[in-house]
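> Got a structure here, written out as structure tokens. Questions coming.
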Amino acid sequence: MTTLQQFLTVFFSFKAYVMLPIIILMIALAVRLPLRRALMSAVALAAGFAGVFIAFNFFVANISPAVEQLSTVRGLHFTVLDVGWPPLAAITWASPLAAISIPLILVVNVLMLATGLTRTIYIDIWNYWHFAMVGALVLTATGSMLLGLSATLLVAIYCFKMAEWTAPDVEREMGLKGIAASPLSVNGWAPYIAVFDWLLDRIPFLRHLSYNPEKNAAKKDDDSYGWVALLSEPMVIGFLMGLALALAAGYGIKETLEMSVHISAVMFLLPKSAGLIGEAMMPITTALRGQVERHFPSRKNLIVALDTGFLMGHKSIIMTGLILMALAILIALVLPGNKVLPLGDLPNLISVMALSVLMFRGNVFRAVLAGIPVIIIFLLISSEMAPLFTDLARKTPSFEAGGSGLITAFTDGGNPSRFLVFHLYQGKLWAVAASALLLVSTYFAWLRFKRLSAQSKAS
């Protein structure tokens, strides 16, 4: 077991854009994709994911100093540092539970496929850490490996179903059949979005408001729609966001213009990289589904769950993320009880809200409205969990946390699903009540999936 855990620690120390293509290449060969096509897809996938990571890192490198300077200019002090998701991943893979989690989740996924309990093929092994993280926290709180593993499986099964129930949204908005968004941090919001969308549909004025850059951009050659199309371009909004942030932080003209151009470039590069990921995965996804359906003839229309990198080409997703990032900074400055200023995990809002945007049919107005409570939840939970994350990170050899004070991750550290399960396993009454609300909203998500499936069959 120790050897397996050491192997996992080393294996997951590689960047996701190195590790994931290796896994995908092995899967491609296993499902008998020709070697040349398998290699080409793996390399293209690596390049696409690397492009997304490089763009995000460049984005963080540009906005972090500006956000910090904005805080200094406003005379604010935050006691918790947002270092992003790396400490959480390090804590997870250093846990004794991690070595058991991966094969256990794989086995459960295969059993659920075989028995028809899910149509999701969850090949995104990198994001298994989202499940194992819950188990590692429960293990820390209870000291029980059995409880930790059960928490891991509970969240994994929940994620399998959310991926399955939101696949119609990916197909409708992205034109990608049989692919779904995998991370808990993304599809875990599906029940909330289903209820939020249902409520907005019943509010006379709000239900008619819509802003969809993806559709508006298609009209860019229409002179009567030119300005709207221009403001639907993520590059333009990125430039304006950089301009506003730099001015608020007190930058000079040179630094302001440079930052504006840098963010504009990131918004251009993200969709290009995302498109490469989608193209690379299609032949592998088709072959994988074919092989699984051959072994399980009664299982049709299987769904392959992937990381959200392939969604970054949708203009409404990019636009929503940019607006919510600006709002996150503003909310963090005034929210009572908040102790963290979003930095390392701030760009993750694009990914976190990606599936929600698709569920809203690309309507940025609805996605931003739904995203405001999400930001508040992230800030409050990540602030509360900071002492625990800091303590666990300092005990983890693979992560250097010395001298940084309290640390957290704005989105992943503030994830309400993990927070709920963590406290549910400690017997907190509020967590039991919140679980009941989650079950009700999950029922909404299931009803929505059934309605979309019926509409798809009818058309």
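> Specify the inter-centroid distance of segment 319-371 and segment 161-204, based on alpha-carbon positions, in whole Å.
17 Å
> Once phi is turned into θ = phi - 60°, what whole-Hz ³J(HN,Hα) does the Karplus curve with 6.51, -1.76 and 1.60 give for every residue of segment 328-341, x standing for Gly and Pro?
With the stated coefficients, segment 328-341 comes to 4, 5, 5, 5, 4, 6, 10, 6, x, x, 7, 10, 10, 9 Hz.
> So what's the back-of-envelope 222 nm ellipticity for the chain, counting only DSSP H runs of four-plus at -39500 (n - 2.57) apiece and dividing by all residues, rounded to 500?
-23000 deg cm²/dmol
> Compute for the chain: radius of gyration divided by Kirkwood radius, i.e. Rg/Rh, restricted to C-alpha atoms, rounded to two decimals.
Radius of gyration relative to Kirkwood radius: 0.95.
> How about segment 132-212: which trypsin sites (Lys or Arg not before Pro) there are in a DSSP loop, with at most 14 other Cβ atoms within 10 Å of their Cβ? Present the calculation step by step, with values, prior to reporting the outcome.
Working: sites: Lys161, Arg172, Lys177, Arg202, Arg207; in loops: Lys177, Arg202.
Sites meeting the loop and neighbour criteria: Arg202.
> What accessible surface, in Å², does a 1.4 Å probe find on Thr142, ignoring ligands, DNA and RNA and rounding to the nearest 10?
Rounded to the nearest 10, the figure is 50 Å².
> To continue, here is another question. Once phi is turned into ³J(HN,Hα) by the Karplus curve 6.51 cos²θ - 1.76 cosθ + 1.60 with θ = phi - 60°, what whole-Hz value does each residue of segment 94-108 show in order, with x for glycine and proline?
For segment 94-108, the Karplus curve yields 7, 6, x, 6, 4, 4, 8, 4, 4, x, 5, 5, 4, 4, 4 Hz.
> Let me check against my output: what whole-number percent is the relative contact order of segment 79-210, with C-alpha pairs under 8 Å and at least 6 apart?
Relative contact order of segment 79-210: 20 percent.
> In debye to the nearest 20, how big a dipole does the chain give about its Cα centre with +1 on each Lys and Arg Cβ and -1 on each Asp and Glu Cβ?
1240 debye
> Here's another thing I want to ask about it. Rounded to the nearest 10 Å², what accessible area does Met319 have for a 1.4 Å probe in the complete protein model?
0 Å²
> Describe numerically, in nm with one decimal, the distance between label points set 7 Å from Cα along Cα→Cβ at Leu257 and at Thr286.
4.8 nm
> Skipping prolines and chain starts, which residues have an amide H placed within reach, meaning under 5 Å, of the one on Tyr251, given they are 5 or more residues away or on another chain?
none
> Now, a different point. Using the basic label-point model (7 angstrom from Cα toward the beta carbon), what is the Met26 to Ser144 distance in nanometres?
3.3 nm
> Within the set Lys395/Lys428; Lys177/Lys300; Lys254/Lys315; Lys315/Lys450, which residue pairs have Cα atoms separated by over 22 Å? Walk me through the intermediate numbers first.
Details: Lys395/Lys428 26 Å; Lys177/Lys300 13 Å; Lys254/Lys315 28 Å; Lys315/Lys450 27 Å.
From Lys395/Lys428; Lys177/Lys300; Lys254/Lys315; Lys315/Lys450, over 22 Å: Lys395/Lys428; Lys254/Lys315; Lys315/Lys450.
> Right, another one. What residues have an amide H closer than 5 Å to that of Thr120, excluding those fewer than 5 places away on the same chain, when H is modeled at 1.01 Å from N in the peptide plane?
Close amide H contacts, sequence-distant or interchain: Ile303.
> Let me have the relative contact order for the chain, percent, based on Cα pairs under 8 Å that are six or more residues apart.
Relative contact order comes out at 25 percent.
> Just the accessible area for His77, please: 1.4 Å probe, Å², rounded to the nearest 10?
150 Å²
> Given Cβ point charges of +1 (Lys, Arg) and -1 (Asp, Glu) and nothing else, what value in debye, to the nearest 20, does the dipole of segment 70-205 about its Cα centre take?
Charge dipole, segment 70-205, about its Cα centre: 120 debye, nearest 20.
> Check Leu406: other-chain or 5+ apart residues with amide H under 5 Å from its amide H, H built from backbone geometry?
For Leu406, the qualifying residues are Leu81.
The values are calculated or read from the model by the stated rules, or taken from the named source; none is laboratory data. Small disclaimer: the values here were computed from a predicted structure and weren't measured. A quick note on method: Cβ atoms are made from the backbone with ideal geometry, for glycine too, and the neighbour counts reach across all protein chains shown. SASA here: full protein model, heavy atoms, side chains in, ligands and nucleic acids out. Shrake-Rupley method; radii C 1.70, N 1.55, O 1.52, S 1.80 Å.
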